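Bear in mind these aren't lab numbers, they're just calculated from the coordinates by the rules spelled out. Since we're looking at a predicted model, the values are computed, not measured. A quick note on method: Cβ atoms are made from the backbone with ideal geometry, for glycine too, and the neighbour counts reach across all protein chains shown.
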């Protein structure tokens, strides 16, 4: 393990994330294999969006991995580019709680908006696609955290590469959704921009402010 991390908690959380991913594959191995190809093959989105549920065990396991892996990644990123942090379990759990809560509330708000404007099918389809790409990002972050913990490569290089990959994955997901629903979105482009600012960009700015203000 890298010298500046003198504890085992990150290893424990990373093993937990690995266990969750293995559990997701155990729950549905065929779906998991299709999920791994979601970037290059639309098969996963076409097949499994039909059977989506409000509470899905497969997505739930991958979401928990996303929350844990993203929290570890944020911890490393903040410690590398802002100010060095001494690991404290309580503080990390608070970060994990904040990340999970913001993502869950954001999803619930989007579902509420879908119900209010009677576009439930559109929102459900969009959220399924977005969840798939976010969970895929969680897999990338899990691999990244393994490198951050056990590799001698410069931390800042790993973080920049991982951030770029995650950004590209979610950008692909965004354009995939936009292309599928462009006939509806283009005539309502102004409202689409409002949605992006309020529910796509705003929550992450809020998370950033929570993290920075808490450590000042």
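Worth pointing out:
- Distance between the modelled labels on residue 33 and residue 9, one decimal in nanometres: 4.0 nm (7 Å Cα→Cβ projection).
- With the simple spin-label model, which puts each label point 7 Å out from Cα in the Cβ direction, the residue 46 to residue 175 separation comes to 2.0 nm.
- Counting neighbouring Cβ atoms within 10 Å and putting the fewest first, the residues 136, 26 line up as 26, 136.
- Inter-site label distance for residue 86 and residue 163 at 7 Å from Cα along Cβ, in nm: 2.6 nm
- Once you reduce segment 43-110 and segment 148-176 to the center of their Cα atoms, the two points are 15 Å from each other.
- Gained length - residue 109 relative to residue 23, 0.36 nm times residue gap less alpha-carbon distance: 28.1 nm
- Segment 57-104 shape via C-alpha gyration tensor axes, a/c threshold 1.5: prolate
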